[in-house]
Each structure stands twice: as structure tokens, then as C-alpha cells.
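Trainee: I have a structure I would like to understand better, so I am pasting it below and will then ask my questions one at a time.
The values are calculated or read from the model by the stated rules, or taken from the named source; none is laboratory data. Since this is a predicted model, take the numbers as computed values, not measurements. Quick reminder, even Gly has a Cβ in these numbers, built from the backbone with ideal geometry, and neighbours come from all protein chains shown.
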There are 2 protein chains.
Amino acid sequence: MIVETQHIELFSQNSKLELESGQILGPIQVAYETYGQLNSAKDNVILITHALSGDAHAAGKHSESDKKTGWWDLLIGPGKAFDTNKYYIISTNALGGCMGTTGPSSINPETNEPYGLTFPMFTIGDMVTLQKHLMDHLGITKLLAVAGGSMGGMQALKWAVKYPEFVQAVIPIATTTKLSAQSIAFDAVGRNAILRDENFNGGKYYQKNIYPSSGLAIARMVGHITYLSEEAMHEKFGRRLQNADDYSYDFESEFSVETYLDYQGGRFVDRFDANTYLYFTKAMDYFDLARSFDSLADALNQTQSQFLIISFDSDWLFPPNQSQDLVNALIQSGKDVSYCNIHCPYGHDSFLLESKVQGALISGFLEQVYKKHESGNAIEKSLPSPTTSDDKKSGSIFEGERIDHRQIERLIKPNSTVLDLGCGDGELMQHLQNHKNIHGMGVTLQEQDVVGSCQRGVNVVQFDLDEYLWHFGGQSYDYAVLSQTLQVVRRPEFVLKEMLRIGRQVIVSFPNFAYWSYRIQILFSGRAPIGKALPHTWFDKESVNYLSIKDFEEFVESRLNAHIIERIPLLSRSGKQRSFMPNLFADEAIFVISQQKRT
Amino acid sequence: MIVETQHIELFSQNSKLELESGQILGPIQVAYETYGQLNSAKDNVILITHALSGDAHAAGKHSESDKKTGWWDLLIGPGKAFDTNKYYIISTNALGGCMGTTGPSSINPETNEPYGLTFPMFTIGDMVTLQKHLMDHLGITKLLAVAGGSMGGMQALKWAVKYPEFVQAVIPIATTTKLSAQSIAFDAVGRNAILRDENFNGGKYYQKNIYPSSGLAIARMVGHITYLSEEAMHEKFGRRLQNADDYSYDFESEFSVETYLDYQGGRFVDRFDANTYLYFTKAMDYFDLARSFDSLADALNQTQSQFLIISFDSDWLFPPNQSQDLVNALIQSGKDVSYCNIHCPYGHDSFLLESKVQGALISGFLEQVYKKHESGNAIEKSLPSPTTSDDKKSGSIFEGERIDHRQIERLIKPNSTVLDLGCGDGELMQHLQNHKNIHGMGVTLQEQDVVGSCQRGVNVVQFDLDEYLWHFGGQSYDYAVLSQTLQVVRRPEFVLKEMLRIGRQVIVSFPNFAYWSYRIQILFSGRAPIGKALPHTWFDKESVNYLSIKDFEEFVESRLNAHIIERIPLLSRSGKQRSFMPNLFADEAIFVISQQKRT
């Protein structure tokens, strides 16, 4: 893919852009690239936003002889996650950058000298405003999605808050809604190194051609350590010496990791402007999505986008819990969100390096967003018929069809809302969405189930039921479902109480430990029982809770203080109900319980 | 406690110290402090070794008006962990330091100028050699213990390897046997900042009185970030602005964390020498305890000390897994080791800030070491009678005496070796040590049980049975015991197979799920059973595995491929054996199994 960077001038000396700081700037040159074709409806546009050291060149090569591709070529291109056969991708160099968009190294037309530190301070919000002006200029009236990692993810989030009607979906990756004290501290060290460099000269180093290279190199070195995980550094360098077998006993760089940092620092100095580094890190430090709102949930309240949030478990710069805070706030404000914490060893840089899971999530998510868009705002309307993967077998403990799923479907009223805890690959939720027009969300701990659910068009978040249910609002769903999951949760009482708080009705299915065959096994053989609904031996299993229908009924009344609305004892072999002496003759049960009595 | 720094000159221009690098140095001034009284037997000496920015002043004050106490005053003093009423504490400024011991800022007698970078490169081993010379000079012939955190912990470890007969115990805290690539990288950034400072002048900055303050301040800032956990930084600073309500939109430090780093950087520059910073970080980077040995276990093989290893769960500079590697190597080489990973939020700095758990571990450990010393090498001989806490009730699921413990004791031959997995507070092991003269080790996951076992004089390591058994050698113990723990392990088959590999005999006790009363409960009431040996309801319990005596027997033969040597079915209520139809009439069982048939 051969691509070209384009340039455009927005604003002018007479009509400047007003920044959040109150300062004004104009004219502004903007560098951008596009990949793929804009369709006639102009509804296939995805904006890519870059991280600290990125630029407009996100994919492809500038010439055949170009050795390097754009920084996100792994994910952007024909048939890739951001599929240029389907979508029209726009990537811009951010405001204040040094790769074609006006920044501190640009000439100030009023002085005919580089701006340096006279360049006005700008924010992530200002970057987004400039991008919006570019979209207006290009005649784009709607974005299918805004996607980016790290600082790019901040821009994506700001888009959703600042231009809610303009953005159908946002994909913030390896990012945060606000920097932690630790991240600010790292940025501060980098800025200190630059500001204290003898050649910095108050930011006026351009004319002299002597740059604050030491300071910028040190800033980059610190940055690089934070972009990699300890594990990745260990794999890559360990304690290897670069050019010797024994210690040199001097202060030259001798460990491989030292020469790597020297190299990275040196290379960065050649391509990046120290002042832009100061401004970009300051913009990140200032970024706080909840600022000027009561809370993060309040800030997100006005958004109209669907969200796909991705974090990486080895990212310690913007660690997963910061993405989880964002997901929680989105759930609190009742937004459509999917979340995956991808297992990947490369640290913060994973968003630039991992393509398998990230790609599957992004492509599945975009496809569903695009489909929903085509068929109108499908969240309120009925969804189109399933196209491909519906009724795909789930990876459950049951070999055949999940008979409890079909029973649970029967219990759920059309057009209602459902929270499916332990949702597997989203089979039940997709079925409910397609056949009963329900709206809802699945929760699972398994990465592959997040991908599966995402591909089925089911909102899904990767959370541990035993930890993360508090952010779901009281009575925020018509139904909370826990199908064949009660036996594996570590804190069943906590989970069920939370479900009763969240759902007006709670639907639970579990294997009945008091099934006659199990009783007989225990009585006569004196062994832990095994059967279709209890398929594992005592030493090789996932179940940790064994309970009977009777146990559950007593538990509902005495501990949960709830009411049993409906009880469906089943024989898993046949799928038939067993109403006579169910605690003896059913090996599985479905219960509907509620804080309220049957209405 | 008013203390005084003392100074002594070792070596001379004619008789220099030969360093590991092959270079020589002399004379060498050494600064040290002592606390407490040397007893007549000179056997109560503890050497304290300091970290990167520490010095000889570890405890007390230099004068009544002194505002600050020594850096480890929390743990050193009358009645404290390092109890100066009992022990004689010596603390020295390390070789190459800038607080009284000869270092790069000292005058080279041959040139009458400060050494600067002409100071010879030295190692952690060289620091230890100098300390050994100080001990010789002071007439100390044996150290009860060497203790230190971070770089001080490295010195403690080096002592154990370099002078095995001199050191009875070592307490390496928050340390590592070798720096990771990430830690070397942070050090390299700090050194880069100093070396690139315009005022560094090749290390000859003393005469000019213009110091490389920017570089040293930046190095210190980077260091400070690595000493604190993200959580601690969040608690301490969050995103608070230091002096304003709104952003200043300039490059002054404005977040509290920035002004904190400025302050720490500035303060450090006033008290510390940049060249010493270079040399100390290089000595740490070079430190690799296994260097010139085949493996870490090989390096530790010659040690004769008892080890108490302490790490902190929030320490990400020298994270717990690095201490665990050390513990594993000690286990592999059959050494006496105790290990605790203390839960504490302050990051690497925890070793300077936490005193409760650290103090209890250190004082309990020292007391036992001192006692063993007094009664000769007690490991081979019989231990003294229990003094205080023996037969203290353990925090088990049984309200009264652990009847299974008394039965297990009966099964164990005197003078044998025992590994107790899930050892609780060490009650069984202490009893075995005192009454059967066994030697061994406990394993537990609970911090309070590590403290308890340590105080009972039982070697104990804080490990997860389901993860960490591979480092115990094949047939390295006469007995491996798992008492009332089988039902809570997540991977029973793995754990038991490992035990059979490690122990010549394996002793297991567990509740019998097929006890007649449980069968009846399940049969007639259709409920999950409850009883004395199964005290928890299905939803409120720690057990995850339910099995019967019959289940276990079948499992031993079919899955473990092992032999049952002895079977003791018990009734927990009476503590009596139940030999008739045990799977029906016993609610608890003890098994002895082995890979070998009964001999």
C-alpha cells in the first residue's frame, strides 16, 4: 500500500482557533493520510489518532523503497482489522506535532521565527477540535469510529464526549481517562531533562542548530522503559553484555539494555522535536475526561457512541484498572460498552505489536457497528436476522445444545434488558437479541469469550463476577442471568445478592447435587458423584460449590431474603421438566427469584 | 538514643586492598556506628548494611537537637526488632560512599586531589571485604547476623557466600541476587543524566564547586519513582495541584507529585555525591550472586547461614518473584530458609517504612538463631525444651486440639526430615522439632502463619502449594505432610504427585465425605452435608474438593500410581480410630502413601 501524506491549511491569521487555555492559534497546517475509499454515503469513515511519538503515517509505505511501514500497519490495510476494503481511514498528525501539523517548531507568521515556547499550550480537547475542523473541511459529517492507543485513545474518548452525535463508535486502547501520579511523575522527569539541558535555551534552539539532544534522549529513555514490561525487557535483553564476555569496569554502556536505550534515545533525537515532547506530555498530564463534570460517569453521560475498550495485562504505564474504571463509568451511565484485557507480554507497546486478539475484537466490533448503522439505530429497533454464527455451539460443559438456554429464553419477555453473568461466547445473548429484541450485556472472565461475544454483536465486558458487580446500577436490568455458573463462583452469596440488586428478576441455573443417582452413588458406593450435569471427578473439575435444589430454596429465603418466582427442575438428558419430587428426580434446575414478590 | 559516627583507617599506601576489578585502593577510611553492648562472648554482633542513599547512621540521633533519626531507627533500638538491649549492632558506610568512608569525593593521597572517576571501580563483594576487615579490626570473630534492604540486602547475601563460617544468619530484605534488565535500565538513565550534565566535567567538579546538580537531581527523581508503588503515589499525591485550583498552562511544576520530585531531587543534590551515585549503581548492576558459579543454588551451596528473606508485594523495583527465585535456590541447595512476602502498599521503600510484620519476623528469627547458637549447632542436636508458645492452639477449622496432628506425630520417626505443606502457624512442626528432633520446613500462604511459624522457630516459606513445589528436590524429605489441606488446594492431583516426588512417605489427612451422617443428610434431606469435619455450608466455605476415603484410595492407585502404607480412619469427635467400615463410620482419615511399597 503506497500512501501519501497530504497537507491542508485551516484557520488563518484573521480567523484563529481558540484553545482551551484561552489562547488563539492560526493559521494551522494539518498533515493527514487516508487509506481506502470513501463510499457515496460517506458513512464508512474511521479516524485514527496517534500516540506521543506517532504521526499521520499510520499505514502503508510512502514509496516502494520505503523500508518501514506506518506505525499501525499491523491493523490497517486490506483485509486487516481496520479493513481498507470496507472503510475509509483518516489519520492526522496531532496539533502541536512535529510531523507536518503546526507545532512549536513551525514558523510563527507574526515573527517569522519558530514558535518555540511561545506556542500556545494546547490540550487533548484542542487536538480533537482541530480534527473536527479537518472532518468538516473534508465534508465528513459522521465518523463510524475513532480509534487510537495511548494518547490516541485519549483523543478517541474526547471525541465521544465533545462531539457525541458525530461519532458512532470509539475504540480507546491502552489508555486512561486521566494520568496517575506515577505517569505524571515520569513525564515530569522527561520534561525536566529537556528543560535543564544546557542547549535547550528556553526552547529557542532551532536557529543555532544545537539541539537539547541529551535531555530529549533521556526523556525518551525513561519513556521507553515505561512502554515495555519487565518481562518483555527480560526476554529481549536479560543481563546480556553487548560486546564483551566480562565486565568492563568503566561507565560505558555495556549491558545490552543500555545500548538499546542509547540507540532509542539517539534515534528519537533525529526525528522528534523536544518542544513537541514538552507540549504533548503536558497535554497528557492535563487530560482528565471527568474535569468540569461531577464524575466520570457524568462526563460520559452525554456520549452516544458504542465503546470498545481494550487494555493489556502487562501494561503498567496505563494499567488495566484504569481502563476498568472507564468501563465501570460507562456501565454506570448505561452506555453500550465492550471491554477486553488482552493477555500480552509486551507492556504498553502491546497496542502497536499485538494483532491477533486486538484485530479480532476490532474487526468484529466494527462490523457490528457498521451493520447496526446500515439498519438504522438498531438498539431501539429490531435487529436483522442472524447472518452467520448464530446458534453456533458454545464451549459449555454440555456436549449438545444448552437446554437451559432455551428454557431461560422462554422466561424472558421481549424488548427487555438482560445482564448475562458468565455469558460464555454470547450464544444466549445473541439469541435473545435476535429473537426477542432484548438489549443487554454479557460478563465473562475468558478472553476468547469476549472475542466470541464481540463477533456475535453482543456487548461484553471481561470482569470477575466475584469482584466487579458494584458498578451495575440498582434495578438497572429487567433480568440478571447466571446460567450454569453458580457452581464455579467463589462468593455465591455475594454474587446472588448483587444480582438481586441489579436485576428485577434473577434467573439462575445449576446442577442439582441431590439428584437420586448422585444420592445412590454417595450412599452405596461412598464416592463423590459423577453424572451428565456433574461431569467432573473430585480432583479434576471447575466446580467449587455443590448444592441441591433444596439447599438453594432454603438459601434464597434465609440468606438472600428473596422470593422464588418460578422453579423449573429439569432432567438434562432429555431436557424435560421434572415436577414430581424435583430434588430427587431433576439433575438440573432453573430458578427465577426476585426481591419483589410475583407481580 | 544518642549515637556517634566513628572513623577508622584501614589499609595503607603500602598495603592496599585488592578489588575484584584487579585495581587496588588504600588507605581506606571507614565510617561506622555501633548501638548496644558487645557481650563478653562477642557473639551478639549484627552488621547492618545500607542501601544506595544510606550511610552509617542507621539509628538514633547524633544530638538531642537532631531532628532526624537514622534511616532504620524504626527497627533498631531498645526493645525493637534489632534489640539493642540484646544485640550489638554495627553499621558502616559502604566502600565508595560519600558519608565518611573513602569514595570518589575523597582526596587521593597520591595526587592530593579528589579521586573523581580515577577512583577504582568496586563491587558489592568489595564492600563486604572492607566490612570484613573492619570486623577483624574490631576483634569480631563471628556475626550473629548481617541484615540490610535493597543494596544492603545484596551485601548481606554476599557475606553469606563469601564468608560462610563467619555469618550465622542473613536477612536480605527487598533485594535481589541480580538486577533485571528493567532495573539496569533505570540505573542507566540516572547515570546518563549525570554523565551528560554540562557541569559533570568528567567527574572533576569538586574544585570548581559547580556540581552536576541537574543530572543528579534527575537521577534521584527517576529513582524515587521506582521506590514508591503506583498505589502509594496515588494515595500521597493523586492529581492534586500544588498551589492552584486550575491549570497554569505553562511548564512550571504544578502537580504535587512534580513539586515532590523537585524537592527530593534538590535535597539529594545537597547531601549526596554524583560520582558515588555512579559507582553505587554500577556496583548494583554488576551484582550477580551466581556469577562464576554454575547456578544460584551452586553459589549458595557453600553458605552455612540461616536465611530470613523478606519481600514486599508492592515492590516493583526488586519484585517478590526475585526474592522467590532466591528462596527456591536455597531450598534446592538444602539450606535453612524462611520467607515472607509482606503485604504493604509503599513499594520498594516499604523496608524503610513497615515495622509491624517486618519487626515480628526479624525479632522472632533472631531470637531463634541466637538461642540455637547458645545451645550449639542445634540443627543436628536435640532442641531445647519449648519455652513459651508450644502447644498454643492453632487457627484451624477444629475448635479443640488438632487430633490429626497427634496421630501424624505418631507416624513420624525421630530424627527424620519433614516438609509440612499448609503448615498453619507451625504447631505441628514445632512439636515435631521439640519432641522428635525432626528437621524441616513449613509452607503456608498466610502472612500471619509465616510470622507465627517464624516465632516458633520453624523454617517457613510463604508459597502457594498449587504453584511452587518444583524446587523441592526428589526424595529430599523423609515425610511430606498435607494435613487438612487437600480439600482446599486447587490442583490436588498435581500437589499429591509433587509430594510423592519430594517425600519418601506422604502423610495426608482430610474429611471423609462419605461418613454415614453425611450420606443420610444427602439421601433423606437432599442437602449438602454439614458436620464437625465439614463445618461449612455450600455457600460459605473454604473447601473446594469433596472426597471420600474410597475416592482417595482409588485415586492413589489409579492416578497417583502409589502405594498405601497406612490408613487411619478417625472419628473427629472422639479422636478414636474407626476401622470397621471406615468409609461409613469415620468422618476423617489419615493416609500414609508412597511411591515405594512398605519396606
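Trainee: Looking at A:Leu241, is it aliphatic (A, V, I, L, M), in contact with a strand residue (DSSP E or B) (Cβ under 7 Å, 6 or more places away or on another chain) and either within 14 Å of chain B (Cβ to nearest Cβ) or closer than 30 Å to B:Met284 by Cβ (or both)?
Mentor: The answer is yes for A:Leu241.
Trainee: Follow-up. Across the range B:408-421, which residue is farthest from the chain's Cα centre (by Cα) among those that are touching a residue at least 12 places away in the same chain (Cβ under 8 Å) and part of a helix (DSSP H, G or I)?
Mentor: Filtering the range B:408-421 for residues that are touching a residue at least 12 places away in the same chain (Cβ under 8 Å) and part of a helix (DSSP H, G or I), the one farthest from the chain's Cα centre (by Cα) comes out as B:Leu411.
Trainee: Restricting to helices (runs of 4 or more DSSP H) lying wholly in the range A:253-346: which have 1 or more residues that are of a type outside the set (Lys, Arg) and within 16 Å of A:Gly190 (Cβ to Cβ)?
Mentor: The qualifying helices (runs of 4 or more DSSP H) are A:256-271, A:274-286.
Trainee: If A:Ala188 satisfies every condition in (1) surrounded by fewer than 24 Cβ atoms within 10 Å (Cβ to Cβ); (2) at the interface with another protein chain (Cβ under 9 Å from one of its Cβ atoms) but one, which is the exception?
Mentor: With (1) surrounded by fewer than 24 Cβ atoms within 10 Å (Cβ to Cβ); (2) at the interface with another protein chain (Cβ under 9 Å from one of its Cβ atoms) applied to A:Ala188, the lone miss is (1).
Trainee: So for the range B:454-474 (the condition being assigned by TED's automatic domain parsing to the domain that holds B:Asp551, within 21 Å of B:Lys371 (Cβ to Cβ) and surrounded by fewer than 23 Cβ atoms within 10 Å (Cβ to Cβ)), does at least one residue qualify?
Mentor: Scanning the range B:454-474, I find at least one residue that is assigned by TED's automatic domain parsing to the domain that holds B:Asp551, within 21 Å of B:Lys371 (Cβ to Cβ) and surrounded by fewer than 23 Cβ atoms within 10 Å (Cβ to Cβ), so the answer is yes.
Trainee: Related question: Any residue that is within 12 Å of chain A (Cβ to nearest Cβ), out of contact with any Cys (no Cβ under 9 Å at 6 or more places or on another chain) and more than 23 Å from B:Ala31 (Cβ to Cβ) - is there at least one of those in the range B:164-176?
Mentor: Yes; the residues of the range B:164-176 include at least one that is within 12 Å of chain A (Cβ to nearest Cβ), out of contact with any Cys (no Cβ under 9 Å at 6 or more places or on another chain) and more than 23 Å from B:Ala31 (Cβ to Cβ).
Trainee: Assess whether B:Arg267 counts as being away from every other protein chain (no Cβ under 12 Å), farther than 24 Å from A:Glu254 by Cβ and at pLDDT 95 or above.
Mentor: It is true that B:Arg267 is away from every other protein chain (no Cβ under 12 Å), farther than 24 Å from A:Glu254 by Cβ and at pLDDT 95 or above.
Trainee: Next up: I need every pair where a residue in the range B:422-439 that is assigned to a strand (DSSP E or B) has its Cβ under 8 Å from the Cβ of a residue that is β-branched (Val, Ile, Thr), sequence separation at least 6 or different chains.
Mentor: Taking only residues 6 or more apart or on different chains, the pairs are B:His439/B:Ile379; B:His439/B:Thr417; B:His439/B:Val418.
Trainee: Can you tell me which residue is farthest from the other protein chains (Cβ to nearest Cβ) among those in the range B:216-235 that are more than 27 Å from the chain's Cα centre (by Cα) and more than 22 Å from A:Phe280 (Cβ to Cβ)?
Mentor: Restricting to residues being more than 27 Å from the chain's Cα centre (by Cα) and more than 22 Å from A:Phe280 (Cβ to Cβ), the top hit is B:Leu216.
Trainee: Being assigned to a helix (DSSP H, G or I) and away from every other protein chain (no Cβ under 14 Å) is the filter here, so list the residues in the range B:117-139 that pass it.
Mentor: Correct list: B:Met127, B:Val128, B:Thr129, B:Leu130, B:Gln131, B:Lys132, B:His133, B:Leu134, B:Met135, B:Asp136, B:His137, B:Leu138.
Trainee: What is the number of the single condition among (1) modelled with pLDDT of 95 or more; (2) more than 10 Å from chain A (Cβ to nearest Cβ) that B:Phe255 does not meet?
Mentor: Only one criterion in (1) modelled with pLDDT of 95 or more; (2) more than 10 Å from chain A (Cβ to nearest Cβ) is unmet by B:Phe255, namely (2).
Trainee: Next question. Please list, ordered by first then second residue, the pairs with beta carbon atoms under 7 Å, 6 or more apart or interchain, first in the range B:283-300 and farther than 18 Å from A:Asp245 by Cβ, second small (Gly, Ala, Ser).
Mentor: Taking only residues 6 or more apart or on different chains, the pairs are B:Leu289/B:Ala299; B:Leu296/B:Ala290; B:Leu296/B:Ala329; B:Ala297/B:Ala329; B:Ala297/B:Ser333; B:Ala299/B:Ala290; B:Leu300/B:Ala329; B:Leu300/B:Ser333.
Trainee: Pairs, please: C-beta under 6 Å, at least 6 apart or cross-chain, first residue free of Cβ contacts under 8 Å to residues at least 40 places away in the same chain and in the range B:516-531, second polar (S, T, N, Q) and part of a loop (DSSP other than H, G, I, E, B)?
Mentor: B:Gly526/A:Ser548; B:Arg527/A:Ser548
Each row is one residue, and each column tells you yes or no for (1) within 26 Å of B:Thr281 (Cα to Cα); (2) out of contact with any strand residue (DSSP E or B) (no Cβ under 9 Å at 6 or more places or on another chain); (3) at pLDDT below 95; (4) in the same structural domain as B:Tyr206 (by TED's automatic domain parsing).
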| residue | (1), (2), (3), (4) |
| --- | --- |
| B:Ala51 | yes, no, no, no |
| B:His57 | yes, no, no, no |
| B:Gly60 | no, no, no, no |
| B:Pro104 | yes, no, no, no |
| B:Leu117 | yes, yes, no, no |
| B:Asp126 | yes, no, no, no |
| B:His133 | yes, no, no, no |
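Trainee: Among the residues of the range B:575-599, which ones are surrounded by fewer than 19 Cβ atoms within 10 Å (Cβ to Cβ), not β-branched (Val, Ile, Thr) and not in a strand (DSSP E or B)?
Mentor: Correct list: B:Gly575, B:Ser579, B:Phe580, B:Met581, B:Phe585, B:Gln595, B:Gln596, B:Lys597, B:Arg598.
Trainee: If you don't mind, there's one more thing I want to ask. Considering the range A:158-206 alone, what residues qualify as being out of contact with any strand residue (DSSP E or B) (no Cβ under 7 Å at 6 or more places or on another chain), hydrophobic (A, V, I, L, M, F, W, C) and under 30 Å from A:Leu143 (Cβ atoms)?
Mentor: Of everything in the range A:158-206, those that are out of contact with any strand residue (DSSP E or B) (no Cβ under 7 Å at 6 or more places or on another chain), hydrophobic (A, V, I, L, M, F, W, C) and under 30 Å from A:Leu143 (Cβ atoms) turn out to be A:Val161, A:Leu179.
Trainee: Quick check on my filter: what residues within the range A:59-99 are among the aliphatic types (A, V, I, L, M) and farther than 18 Å from A:Leu130 by Cα?
Mentor: A:Ala59, A:Leu74, A:Leu75, A:Ile76, A:Ala81
Trainee: Taking strands (runs of 3 or more DSSP E) that do not extend beyond the range B:1-114, which have at least 1 residues that are surrounded by 19 or more Cβ atoms within 10 Å (Cβ to Cβ)?
Mentor: Qualifying strands (runs of 3 or more DSSP E): B:28-35, B:45-49, B:88-92.
Trainee: Still on this structure, I have one more. Counting only residues that are of a type in the set (A, V, I, L, M, F, W, C), give me the helices (runs of 4 or more DSSP H) lying completely in the range B:145-245 with at least 3 of them.
Mentor: Helices (runs of 4 or more DSSP H) meeting the threshold: B:151-162, B:181-195, B:213-227.
Trainee: Follow-up question, since we're still on this one. In the range A:81-139, which residues are over 23 Å from A:Asn201 (Cα atoms) and aromatic (Phe, Trp, Tyr)?
Mentor: A:Phe82, A:Tyr87, A:Tyr88
Trainee: Working carefully through the options A:Tyr477, A:Tyr518, A:Tyr468, find the one that is over 26 Å from A:Gly575 (Cβ atoms) and in contact with a Leu (Cβ under 8 Å, 6 or more places away or on another chain).
Mentor: After ruling out the rest, the residue left standing is A:Tyr477.
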